[in-house]
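One structure coming up, written as structure tokens, with questions to follow.
The values are calculated or read from the model by the stated rules, or taken from the named source; none is laboratory data. Being a predicted model, the structure only gives us computed values, none of them experimental. No Cβ is skipped: glycine too gets one built from the backbone with ideal geometry, and neighbour counts run over all protein chains shown.
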Amino acid sequence: MATPLTSPAGGMPPLITSVSEFEKAIAEILSGTGPIAIDAERASGYRYSQRAYLIQIKRTEGGSHLIDPIAVGPTSLWSKLGSELEDQEWIIHASTQDLPCLREVGLQPKILFDTELGGRIAGCERVGLGPLCEALLDISLAKEHSAVDWSMRPLRDEWLNYAALDVEVLIELRNAVSDLLEAQGKLEWAMEDFAAIIKAPPAPPKKDPWRRTSGMHKIRDRQTLAIIKELWSARDRFAAEIDLSPGRVFNDEVLIEIATKRPQLSEMERVITRRGRSANPPIKSWHQLIEDVLDAPASEYPELRVASTGLPPIKMWRDKSPFAYARLTHARAAIGELSIELAIPAENLISPESVRRVCWPEPNIELNSEQQLDQVEDTLMDLGARHWQIDAVALALSKAILEREPIPVAIVETPIEEGPVE
């Protein structure tokens, strides 16, 4: 049975809330040795922004520190800390979640070790911080405060204790994951993935995000669609202005209800006030948006459906391109077998989108097997696959795309994803 870890070994560190305290913490961190363990707490689901509301840092002989970036403010000390440690490895669990908010304050790692991704590549069944610590360190962490509102002030002691535990054994966990990867001959694979995370550009904004409103599938007319678009955009602007999650201003269910029923101002105010969590929302302005849409010519309404720039949904492949569908069934079956053989989740072995992209074009039947392999390798490289991924899957994919008859659906329906490629 795993040993419970209920508090940091040296006691809960004090919360740093001033520049002078931060300067002392930086001096202590820089006096330490080796990599730094770092974590951040955001207020996802509560706030519009994805900023950090608490940053935790621990380093061997450099202490454990809880820093309130809101109280400390946007000081240049963040960049100083980052530059002083840029030649050191930064250990982060599930780094893609925390890197944007760390970069926002001025912390930009150059060398990364992601314990969550490392655990995936090592074939660990459960890769959350708690389960991974249990499996590899025989330590259990309390995780009961994972979904609290970290933007609240003052921060509660039990929350801070929970946050300090997130980095308490992160260095030890990194070493255990590294040892496991090295024993499996996968450490270089993981390091290549970590480096790719650091170099990855920010994700581009999604086109027409309002079309992702929950319940949109019920809408059948362009006028209602236009109301949804205007209300969604108005809600988003207001949410950004007051830094509140849009769903807490009013959720998508309310948005769809208002757009379809088009209530009078008093009823609209009652619905939003009763089911929303924002103070003094501009309901009159929002109601006027509905009136403006109703007065606008139909030519200004958005189209019900927009042409996709990506590949068609998988369920359409059988009819649109039977040969592409056949190739995909064989490709996904081959990736599934490799996933088991290498003990790596299929989505970490190679992205599902890359597999679809390799399978969709008609293959050049004049190419010999070596040329076909080269073409698959070039395609995967253009799609951003890592060298180790290409080495692992290219041969299997180059054989699969020459198939003309599909594998029965019952064999491959689990690996094949539904939905278009964005």
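For region 380-397, how many residues meet the condition of being surrounded by 18 or more Cβ atoms within 10 Å (Cβ to Cβ) and free of Cβ contacts under 8 Å to residues at least 40 places away in the same chain?
Final tally of qualifying residues: 4.
So which of D193, D221 ends up being assigned by TED's automatic domain parsing to the domain that holds I121 and not aliphatic (A, V, I, L, M)?
Values: D221 fails: assigned by TED's automatic domain parsing to the domain that holds I121.
Within the list D193, D221, the selection yields D193.
Still on this model: Quick one: which residue in T115, T96 is surrounded by 18 or more Cβ atoms within 10 Å (Cβ to Cβ), under 30 Å from L349 (Cβ atoms) and hydroxyl-bearing (S, T, Y)?
Values: T96 fails: surrounded by 18 or more Cβ atoms within 10 Å (Cβ to Cβ).
Answer to the check: T115.
Additional query: Residues that are surrounded by 12 or more Cβ atoms within 10 Å (Cβ to Cβ) and within 30 Å of the chain's Cα centre (by Cα): does region 293-302 have at least one? I'd like the intermediate steps shown before the answer.
Initially, region 293-302 is screened for residues surrounded by 12 or more Cβ atoms within 10 Å (Cβ to Cβ), giving 293, 296, 301-302.
Among the residues that remain, those that are also within 30 Å of the chain's Cα centre (by Cα) are: 302.
Yes: region 293-302 contains one or more residues that are surrounded by 12 or more Cβ atoms within 10 Å (Cβ to Cβ) and within 30 Å of the chain's Cα centre (by Cα).
Would region 356-372 turn up any residue that is surrounded by fewer than 20 Cβ atoms within 10 Å (Cβ to Cβ), in the same structural domain as R386 (by TED's automatic domain parsing), within 25 Å of the chain's Cα centre (by Cα) and touching a residue at least 12 places away in the same chain (Cβ under 8 Å)?
Taking every residue of region 356-372 in turn, at least one turns out to be surrounded by fewer than 20 Cβ atoms within 10 Å (Cβ to Cβ), in the same structural domain as R386 (by TED's automatic domain parsing), within 25 Å of the chain's Cα centre (by Cα) and touching a residue at least 12 places away in the same chain (Cβ under 8 Å).
To continue, here is another question. Output the qualifying pairs, or none if there are none: Cβ atoms under 7 angstrom, residues six or more apart or on different chains, first residue in region 136-150 and under 19 Å from A40 (Cβ atoms), second residue assigned to a loop (DSSP other than H, G, I, E, B) and of a type in the set (F, W, Y).
D149/Y46; W150/Y53
What number of residues in region 230-274 are among the basic types (K, R), under 25 Å from H217 (Cβ atoms) and over 28 Å from the mean Cα position of the chain (by Cα)?
Counting residues in region 230-274 that are among the basic types (K, R), under 25 Å from H217 (Cβ atoms) and over 28 Å from the mean Cα position of the chain (by Cα) gives 2.
Let me ask another. Only one of these is within 26 Å of R103 (Cβ to Cβ) and either out of contact with any helix residue (DSSP H, G or I) (no Cβ under 6 Å at 6 or more places or on another chain) or in contact (Cβ under 8 Å) with a residue 12 or more places away in the chain (or both): K186, K218, K207, K229. Name it. Don't jump to the end; show me each part of the working.
On the way: K186 fails: within 26 Å of R103 (Cβ to Cβ); K218 fails: within 26 Å of R103 (Cβ to Cβ); K229 fails: within 26 Å of R103 (Cβ to Cβ).
Answer to the selection: K207.
So D138 passes all but one of these: (1) modelled with pLDDT of 95 or more; (2) surrounded by fewer than 17 Cβ atoms within 10 Å (Cβ to Cβ); (3) closer than 23 Å to Q88 by Cα. Which condition number does it fail?
(3)
Which one is farthest from S44 (Cα to Cα), of the residues in region 257-267 that are in contact (Cβ under 8 Å) with a residue 12 or more places away in the chain and in a helix (DSSP H, G or I)?
Ranking the qualifying residues of region 257-267, first place goes to L265.
Here's something else I'd like to know. Considering only residues that are under 29 Å from the mean Cα position of the chain (by Cα) and among the β-branched types (V, I, T), which ones fall in region 27-59?
Going residue by residue through region 27-59, those that are under 29 Å from the mean Cα position of the chain (by Cα) are 29, 34-59.
Those that are under 29 Å from the mean Cα position of the chain (by Cα) and among the β-branched types (V, I, T): I29, I36, I38, I55, I57.
Does A40 meet the test of being within 23 Å of F194 (Cα to Cα) and either at pLDDT below 95 or part of a strand (DSSP E or B) (or both)? I'd like the intermediate steps shown before the answer.
Numbers: within 23 Å of F194 (Cα to Cα): yes; either at pLDDT below 95 or part of a strand (DSSP E or B) (or both): yes.
Criteria met by A40.
Given the options E158, E168, E144, name the one that is farther than 17 Å from L117 by Cβ and more than 24 Å from the chain's Cα centre (by Cα).
Details: E168 fails: more than 24 Å from the chain's Cα centre (by Cα); E144 fails: more than 24 Å from the chain's Cα centre (by Cα).
E158 is the lone residue from the list that is farther than 17 Å from L117 by Cβ and more than 24 Å from the chain's Cα centre (by Cα).
If you check A43, A9, which single one turns out to be assigned by TED's automatic domain parsing to the domain that holds E104 and under 22 Å from C101 (Cα atoms)?
Working: A9 fails: under 22 Å from C101 (Cα atoms).
Going through A43, A9 in turn, just one is assigned by TED's automatic domain parsing to the domain that holds E104 and under 22 Å from C101 (Cα atoms): A43.
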